[in-house]
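Step one of this worksheet: look at the structure below.
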Amino acid sequence: MTGEEVLVPPIDETETLRQQLLQAQRLSSVGAIASSVAHEFNNILTTIINYSKLGQRGCTDPNQKQAFEKILKASQRAAAIVSGMLGFARNQSTTREYVDLIKLVEEVLLLTEKDLYKHRIQVEKRYHAAPKVPVIAGQIEQILVNLIINARQAMPNGGRLRVDIRQNDETEMAEIRIADTGVGISPEQLRMIFEPFYTTKNPDENGHGGTGLGLSVCRQIIEQHNGRIRVESVVGKGSTFTVKLPLKMPEE
C-alpha cells in the first residue's frame with residue numbers, strides 16, 4: 001500500500017505550538033481591549049490639556065501658573081505615550097516607506113520607558129547619524145521592542161541599556177545597536193538563539209519572553225528587509241545586538 005507520507009511533530013513540539021497559540025490569542029484579546037481603553041484615555045487627556053492651557057492664560061498668580069505648567073507637561077507626556085501605543089497597534093501596513101530611524105527608536109523607547117524604569121535600567125542614547133530607511137515601520141518596531149525587552153530581562157538587578165544609531169555609507173546600511181550590561185549568553189546558547197522554539201528563559205510577570213520565537217521572528221523580518229542581525233556577548237558582562245538595514249529600496 002502506498003500513500004503520502006505525513007510528518008507528525010513530536011509531542012513536546014506540538015504542546016509548545018499549542019501553548020504559543022493560546023498565548024497569542026490571549027495577547028490579541030488584551031491588545032484589542034488596551035487599544036480601546038487607550039483611545040478613551042486619550043480623549044480624557046485632551047480635555048485636561050485644553051483646560052490647563054486655558055487656566056494658564058487666565059492666571060496671574062505665579063504659583064498657580066507653575067502648577068498649571070506641571071499639569072500641562074505631565075498630560076502632554078501621557079498623551080505622547082498613549083499616541084505611540086495607538087500608533088504601534090494600528091501600524092499594520094505591509095508597504096515599505098522611508099522612515100526616520102531616530103524617530104522610530106524614540107517611539108519604542110517611550111513605549112518601554114516605564115518597564116525599564118521599573119526594573120532600574122538606565123538608558124544611554126548615542127545617535128551618530130539620522131538615517132532614513134525604507135522599511136515596514138510596524139515590523140521594525142516589533143523587532144526593537146523584542147530586543148529591548150530581552151535586554152531588560154538579561155539585567156534582573158538593573159543595569160545600563162545603550163542604544164546606538166549609525167550610518168555606513170560604504171555598505172549603504174543603517175545600524176542600530178542595542179547593548180546591555182546583563183548576564184550575557186554562553187557560546188553554546190549563542191549558536192542557538194536564532195533557532196525557532198529555542199529559549200533560555202521563562203515568561204515574566206508581564207508575559208514577555210519564553211516563547212522561543214522572538215529572535216527567530218526578528219531574523220526573518222530583518223532578512224525580508226534585506227538586512228542582517230548579529231550578536232556579540234560575554235558571559236557576566238552583557239550582550240550587543242546589531243541590526244543592519246539598507247538605506248535604499250531594493251529596486252533602487
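The values are calculated or read from the model by the stated rules, or taken from the named source; none is laboratory data. This is a predicted model, so every value here is computed, not measured. All Cβ positions, glycine included, derive from the backbone under ideal geometry; neighbour counts span all protein chains shown.
Data overview
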{"item": "Residue match in the stretch 91-104 (condition: surrounded by 20 or more Cβ atoms within 10 Å (Cβ to Cβ) and within 23 Å of Ser233 (Cα to Cα))", "result": "no"}
{"item": "Some residue of the stretch 21-32 being at negative phi and either at pLDDT 85 or above or surrounded by 14 or more Cβ atoms within 10 Å (Cβ to Cβ) (or both)", "result": "yes"}
{"item": "The stretch 197-252, residues that are surrounded by 12 or more Cβ atoms within 10 Å (Cβ to Cβ), among the polar types (S, T, N, Q) and modelled with pLDDT under 75", "result": "Thr199, Thr200, Thr211"}
